[in-house]
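Q: Sending over a structure as structure tokens; questions will come in a sec.
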Amino acid sequence: MYDVIIIGAGPAGLTAGIYAVRRALKTLIIEKTAVGGQILLAKDVENYPGFDCISGRDLAEKMGNQARDLGVEIVMGEVTGMDLNGEIKTVITRENQYRGKAVIIATGRTHKKLGIKGEEKFAGKGVSYCATCDAPFFKDRTVAVIGGGDGAVNDALYLSEVAKKTYLIHRREHLRAEEVRQKKLLERGVELILDTVVEEINGNEFVDSISIRNVKTGEIKKLDVDGVFISIGSVPSTLMAKGGGVEVDDKGHIVVNKDQETNISGVFAAGDVTGGIMQISTAVGEGCIAALSAYKYIKNHNRQ
């Protein structure tokens with residue numbers, strides 16, 4: 001039996017855990033994959049206050065260690081169901097059932113897929129969604145990054161340090177990433193292929209090329225590459241929350257008020273799963289608010 005059960009150990013979930021346990025709440029965090037969430041995918045974090053530059057892994061480690069040192073219990077497991085009705089909530093994983101007075105959902109987001117021929121076939125055989133995870137496999141080889149936002153540019157910059165040749169392919173005329181990051185692309189020798197979409201990923205056992213089409217001219221050609229890194233955004237991980245009756249908007253984000261409260265009493269949400277500006281600092285702020293709101297909720301109910 002816990003006071004607060006937090007689902008997700010990214011920046012929002014870890015911050016919520018830190019604030020909850022400092023309010024003397026018995027706190028559990030359940031994480032499906034790895035403590036740190038999406039920040040584990042960032043090679044360098046340069047916009048989080050207090051650090052000129054820190055790797056995503058180091059920042060995640062610091063956050064996780066701080067939460068554990070303060071007394072937050074962190075368990076690994078995939079949530080398969082939730083019963084959020086009533087004063088006592090139940091969170092179900094494949095291994096256990098956990099009961100708590102309040103629940104904070106901080107499940108973050110999952111990578112979008114292109115949905116093209118060859119993507120599923122070559123997943124793990126040249127197709128990747130995590131540059132920082134898989135870049136070492138492509139040392140001195142040729143790779144293509146698909147996307148035009150900050151994530152895609154960061155992936156291309158990182159890969160350019162290890163790959164022989166790096167392409168960045170974007171379907172529009174201009175990239176959406178920060179201008180300072182775009183400038184670094186040119187400095188690193190990353191070749192931009194704009195107004196272009198990937199039609200198919202080709203190969204035998206492993207990727208050996210991609211078929212690309214210029215959206216303005218209609219020209220189709222093959223580009224020889226050894227790896228394809230897909231970085232076209234993400235979608236909120238809200239399937240279990242929706243199944244538990246939590247309200248989401250038309251884009252799948254959990255609907256919350258200024259106190260991070262959902263439509264269910266005693267259930268809160270924080271971080272990328274709520275939409276808005278998806279930054280570490282935003283997630284940290286929402287995690288803090290969610291924990292303090294959960295504390296207030298539990299305190300008020302204990303008086304009744």
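The values are calculated or read from the model by the stated rules, or taken from the named source; none is laboratory data. Quick caveat, the model's predicted, so the values are computed rather than measured. Cβ coordinates were reconstructed from backbone atoms using ideal geometry, including for glycine residues, and neighbour counts include every protein chain displayed. The accessibility values were calculated without ligands, DNA or RNA, using every heavy atom of the protein model including side chains. Shrake-Rupley method; radii C 1.70, N 1.55, O 1.52, S 1.80 Å.
Q: Once both labels are modelled 7 Å past Cα along the beta-carbon direction, what's the K299-I220 spacing in nm?
A: Distance between the two pseudo-spin positions: 6.4 nm.
Q: Using the structure shown, select from K121/K165; K125/K164; K112/K165; K117/K183; K242/K296 the pairs with a Cα to Cα distance greater than 27 angstrom. Can you show the working numbers first?
A: Values: K121/K165 24 Å; K125/K164 18 Å; K112/K165 25 Å; K117/K183 33 Å; K242/K296 24 Å.
In this structure, K117/K183 exceed 27 Å between Cα atoms.
Q: Among [x] 69, 38, 33; [y] 59, 47, 31; [z] 62, 50, 37, only one was calculated for this model; which label is it, if the read-out is Cα extents along the principal axes in Å?
A: This structure yields the entry labelled [x].
Q: For the stretch 15-104, max minus min Cα coordinate along each principal axis, in Å, sorted largest first?
A: 45, 28, 19
Q: On to the next question. Compute, for R99, the solvent-accessible surface of its heavy atoms (probe 1.4 Å) with the complete set of protein chains present, and express it in square angstrom to the nearest 10.
A: 120 Å²
Q: Next question, about the same structure. So what does I54 come to for accessible area, using a 1.4 Å probe and Å² rounded to 10?
A: Rounded to the nearest 10, the figure is 10 Å².
Q: Give, rounded to the nearest 20 debye, the magnitude of the charge dipole that the chain has about its Cα centre when Lys and Arg contribute +1 at Cβ and Asp and Glu contribute -1 at Cβ.
A: On the way: 39 positive and 40 negative charges, 96 e Å.
Roughly 460 debye, rounded to the nearest 20.
Q: Let me ask you something else. What is the helix-to-structure angle for 150-160, meaning the angle in degrees between its Cα long axis and the longest Cα principal axis of the chain, kept from 0 to 90 and rounded to the nearest 10?
A: 50 degrees
Q: Then there's this: Treating only the Cβ atoms of Lys and Arg (+1) and Asp and Glu (-1) as charged, compute the dipole magnitude of the stretch 210-304 about its Cα centre; round to the nearest 20 debye.
A: 80 debye
Q: 222 nm [θ] for the chain, helices only, -39500 (n - 2.57) per DSSP H run of 4+, per residue, to 500? Each step should come with its number before you reach the end.
A: Numbers: 7 runs with 81 residues, N = 304.
After summing the helix terms and dividing by the residues of the chain, the value is -8000 deg cm²/dmol.
Q: Still on this model: Report the label-to-label distance for K112 and Q97 in nanometres (one decimal), using points 7 Å from each Cα along the Cα→Cβ vector.
A: Roughly 3.9 nm, to one decimal.
Q: Once fully extended, how much extra length lies between R188 and D52, figured as 0.36 nm per residue of separation less the alpha-carbon to alpha-carbon distance? Intermediate values should be presented prior to the final figure.
A: Working: separation 136, 0.36 × 136 = 48.96 nm, distance 2.10 nm.
Between R188 and D52, full extension yields an extra 46.9 nm.
Q: Next question. Looking at S293, T262, Q279, which one has the Cα that reaches farthest to the positive end of the dipole of the stretch 229-304 (charges on Cβ: Lys, Arg +1; Asp, Glu -1)?
A: So the residue we want is S293.
Q: Cysteines without a disulfide-compatible partner in the chain, using Cβ under 4.7 Å as the rule?
A: If one checks each Cβ against the other cysteines of the chain, C53, C288 turn up with nothing under 4.7 Å.
Q: Which of I169, I92, C53 sits closest to the plus end of the dipole of the chain, meaning its Cα is farthest towards the positive end, when Lys and Arg get +1 and Asp and Glu get -1 on the C-beta?
A: Going by the charge dipole, the pick is I92.
Q: Let's see if you can work this out: charge +1 on each Lys and Arg Cβ, -1 on each Asp and Glu Cβ, no other charges. What is the dipole magnitude of the stretch 41-160 about its Cα centre, in debye to the nearest 20?
A: Values: 16 positive and 17 negative charges, 92 e Å.
Here the stretch 41-160 has a charge dipole of around 440 debye.
Q: With a 1.4 Å probe and all protein chains kept in place, how much accessible area does H111 have, in Å² rounded to the nearest 10?
A: Answer for H111: close to 80 Å² accessible.
Q: Is the shape of the stretch 205-303 best called rounded, prolate or oblate, per the rule: a/c under 1.5 gives rounded, else a/b larger than b/c gives prolate, else oblate, with a ≥ b ≥ c the square roots of the Cα gyration tensor eigenvalues? Intermediate results must be reported in sequence, preceding the final value.
A: Numbers: a/c = 3.40, a/b = 3.13, b/c = 1.09.
It is prolate, given that a/c is not under 1.5 and a/b is the larger ratio.
Q: While we're on this one: Quick one: work out the % antiparallel among DSSP beta bridges in the stretch 145-210, nearest 5. Could the numbers behind the result be given before it?
A: Values: 3 of 8 bridges.
So the antiparallel bridges amount to about 40 percent of the total.
Q: Between K242 and V255, what is 0.36 nm times their sequence separation minus the Cα-Cα distance? Round to one decimal in nm.
A: Values: separation 13, 0.36 × 13 = 4.68 nm, distance 1.09 nm.
Length gained between K242 and V255: 3.6 nm.
Q: With a Förster radius of 35 Å, plug the Cβ-Cβ distance of E205 and L70 into 1/(1 + (r/R0)^6) and report the FRET value to the nearest 0.05. Mind dumping the intermediate values first?
A: Numbers: r = 48 Å, r/R0 = 1.38.
After rounding to 0.05, the efficiency reads 0.15.
Q: If each Cα of the stretch 88-231 is one equal point scatterer, what is log10 of I(q)/I(0) from the Debye formula at q = 0.12, 0.18, 0.20, 0.21 Å⁻¹?
A: -0.53, -0.96, -1.16, -1.27
Q: If I compute solvent accessible area with a 1.4 Å probe over the protein chains, what percent of it on the chain is carbon and sulfur?
A: On the way: 7030 of 15080 Å².
Here it works out to 47 percent.
Q: For the pair E119 and S281, what calculated FRET efficiency results from E = 1/(1 + (r/R0)^6), where r is the Cβ-Cβ distance and R0 = 25 Å, to the nearest 0.05?
A: Working: r = 33 Å, r/R0 = 1.31.
Result of the calculation: an efficiency of 0.15.
Q: Let me ask you something else. Would you give the gap between the C-alpha center of the stretch 16-90 and the C-alpha center of the stretch 114-192, rounded to a whole Å?
A: One Cα centre to the other: 28 Å.
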